[in-house]
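Structure in structure tokens, see below.
The values are calculated or read from the model by the stated rules, or taken from the named source; none is laboratory data. Given the structure is predicted, the values throughout are model-derived calculations rather than measurements. Neighbour counts are summed over all protein chains in view; Cβ atoms, including those assigned to glycine, are modelled from backbone coordinates with ideal geometry. Just the protein is used for accessible areas: all its heavy atoms, side chains included, with ligands, DNA and RNA removed. Shrake-Rupley method; radii C 1.70, N 1.55, O 1.52, S 1.80 Å.
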Amino acid sequence: MNNPCFRTKDFISDLPKNVIESILARIPLRDAARTSILSSKWRYIWTTVSDLVLDKQFFADTLRTKGRVRQEFTNAVEKILLLHSGPIQKFDLHLPEIILGNFCSDIDRWILFLSRNGIKDLTLCSTIDMPYKMHSCIYSCRELTRLKLVNCILKPPSELSGFQYVTRLHFQRTTFGDNTLGPLLSRSGLLERLTIKYCSGIGHLNINAPNLNSLFIIDNNGLESLSFVDTPNLRYFFGSLCDKMGKTPTLMEFLVALPRVSKLNLDGFFLELLAAGGSPRKLPATFTRMNSLSLADVEFGDFHVFSCTLCLIQSCPNLMKLTFWFSINESTYEERVVNYLEVPGCMDQTLTKLLCVTMHDLVGLKPQLLLIKLLLACSPMLETIFVGLSEQLDINERFEISKELSHFPRLSPKAAVMY
């Protein structure tokens, strides 16, 4: 049957090259390499894939001989880089849990190779036991726009120019040289999104980033102070602290430094520090751009924290979404918190834009219930209050809370309390 009319068409070989490349970009690298046996046309296309993801699953499949773990690891990475043809736009490397020894020199060599091959997106996740000290060639990656470092050491020399073209930086469990992070950021003028999570050695952090849009500061050790020098475009700030700072701004100073922030997330410790200097009933300025406020692990039984919270809410008249995560350890409260809430007109700002309130881990303390009552009474457009009751409550306690909430008057005819 050699008649051409009866030959089966080879659809795989006849696929356009750009379609093949699109397929390979969507499957794990190990599987992409295996496609070389499908057709002579496919044989070397996998070596041109611009996104190289060497994640945990890749090394779980690659590292098989326990006695030669490091050798197999380095051989696998270097074979991929040696065979690769064309620019590497994304390189995602998750180092396996192995004893590194003098392994850092291998990573230095790979990063140097990437810096000369147009790397744009680099992720390096080191093992918990042995952090990797970043090689200085990382600063010479002229096309780098995204960088994520996990469990690394970053101590840039003062004379370096920073990450000139990077728009996204993510540091997690990374150790910095004393007071070097702030100057590094100030020399990264295109930065739009910054995450600093579980890091150490930060010192005084002065953020000078005119294009910064989103900022996440999460449970870092050794953060002595935080100030916003030049962040006119910051829209979203997430702040969570695990230790006291040497210098803490007042609530007014903090908000004035964030004139365009529309979404603000703070934890109880951060709010406690802002409240340390005392808070007026209402700030002299209003922050009309703020439309979403989330407060986590907040102890409303503390009068200073509560008054700071109420002052913050009243100073943001255009809030549309309000979220509370109550502290699960809170079981008592100061009587003056209740006295404050029971005074008529304790909140003189009508929240004309507020649509949704969400509360998590509510245990039914009187300040918590009075806060709900207050929000129902001053929110004419409110649609829903979602109440997440603490798992510590039994069915009778839950029923009593729901019965009490059902009797609260509501300014909005549409307001519903849902559990």
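Straight distance only, please: which aspartates and glutamates reach the Cα of residue 403 with their own Cα at less than 17 Å, same-chain residues fewer than 8 apart left out?
Excluding near neighbours in sequence, the set is 394.
Still on this model: Could you calculate the contour length gain from residue 288 to residue 225, that is, 0.36 nm times the residue separation minus the distance between their Cα atoms, to one decimal place in nm?
Values: separation 63, 0.36 × 63 = 22.68 nm, distance 2.66 nm.
Result: 20.0 nm gained on full extension.
Rg and Dmax in Å for region 295-394, alpha carbons only: what are they?
Expressed in Å, the Cα Rg and Dmax of region 295-394 come to 12.8, 37.
To continue, here is another question. In the full protein assembly as shown, how much of residue 342 is accessible to a 1.4 Å probe, in Å² to the nearest 10?
We get 100 Å² for residue 342.
What is the gain in length, in nm to one decimal, between residue 130 and residue 366 on full extension, counting 0.36 nm per residue of separation less the C-alpha to C-alpha distance?
Details: separation 236, 0.36 × 236 = 84.96 nm, distance 4.91 nm.
So the extension gain works out to 80.1 nm.
For region 353-419, rounded, prolate or oblate, judged on the Cα gyration tensor with a ≥ b ≥ c (square roots of eigenvalues), a/c < 1.5 rounded, else prolate if a/b > b/c?
Numbers: a/c = 2.08, a/b = 1.85, b/c = 1.12.
It comes out prolate by the Cα gyration axes.
Keeping every protein chain present and rolling a 1.4 Å probe, give me the accessible area per residue for region 225-383 in Å². Provide the component values of the computation, followed by the final result.
Values: 6460 Å² over 159 residues.
Here the residues of region 225-383 average 41 Å² of exposed surface.
Give me Rg/Rg_expected for region 220-339, where Rg uses Cα atoms only and Rg_expected = 2.2 N^0.38 Å with N residues. Write out the running numbers ahead of the final one.
Working: Rg = 13.9 Å, N = 120, 2.2 N^0.38 = 13.6 Å.
Compactness ratio reported: 1.02.
Sticking with this structure for a sec: Going highest first, how would you order 311-323, 285-297 by mean Cβ packing within 10 Å?
311-323, 285-297
Kirkwood Rh over Cα pairs of region 148-298 into Stokes-Einstein at 25 °C, 0.890 mPa s: D in µm²/s? Intermediate values should be presented prior to the final figure.
Values: Rh = 15.8 Å.
My calculation gives 156 µm²/s for D.
Sticking with this structure for a sec: Per-residue HN-Hα couplings for region 227-243, Karplus 6.51 cos²θ - 1.76 cosθ + 1.60 at θ = phi - 60°, whole Hz, x for Gly and Pro?
Result, ordered by residue: 9, 9, 7, 8, 9, x, 10, 5, 10, 9, 10, 10, x, 9, 10, 10, 8 Hz.
Does region 131-171 classify as rounded, prolate or oblate by the C-alpha gyration tensor (a ≥ b ≥ c root eigenvalues; a/c under 1.5 gives rounded; else a/b over b/c gives prolate, otherwise oblate)? Intermediate results must be reported in sequence, preceding the final value.
Values: a/c = 1.94, a/b = 1.15, b/c = 1.69.
Oblate, since a/c reaches 1.5 and b/c is not below a/b.
Cross-link list 56/79; 247/353; 120/155; 197/263; 321/414: which exceed 25 angstrom alpha carbon to alpha carbon? Don't jump to the answer; show the numbers that get you there.
Working: 56/79 18 Å; 247/353 34 Å; 120/155 21 Å; 197/263 19 Å; 321/414 16 Å.
Long pairs (Cα-Cα over 25 Å): 247/353.
Compute for region 91-190: radius of gyration divided by Kirkwood radius, i.e. Rg/Rh, restricted to C-alpha atoms, rounded to two decimals.
Details: Rg = 12.9 Å, Rh = 13.7 Å.
That ratio equals 0.94.
Continuing with this model, one more query. Given labels modelled 7 Å from the Cα in the Cβ direction, how far is it in nm from residue 394 to residue 211?
Label at residue 394, label at residue 211, 6.0 nm between them.
Further, regarding this structure: For an R0 of 30 angstrom, estimate the FRET efficiency from the Cβ-Cβ distance between residue 55 and residue 198 and round to the nearest 0.05.
Working: r = 20 Å, r/R0 = 0.68.
Working from the Cβ atoms, E equals 0.90.
Could you rank the peptides 251-258, 303-310 by their average count of other C-beta atoms within 10 Å per residue, with the highest value first?
Working: 251-258: 18.2, 303-310: 21.8.
Going by the mean number of other Cβ atoms within 10 Å, highest first, we get 303-310, 251-258.
Can you give me the distance in nm between label points at residue 109 and residue 155, each placed 7 Å from the Cα along the Cα-to-Cβ direction?
2.5
May I pose another question? Per 0.36 nm of contour for each residue apart, how much would the distance between residue 335 and residue 78 grow if the chain were fully extended, relative to their Cα-Cα spacing?
Values: separation 257, 0.36 × 257 = 92.52 nm, distance 6.67 nm.
The span from residue 335 to residue 78 would gain 85.9 nm if fully extended.
Which one, 264, 313, 285, projects farthest toward the positive side of the charge dipole computed for region 241-348 from Cβ point charges (K/R +1, D/E -1)?
About the Cα centre, the residue reaching furthest to the positive side is 285.
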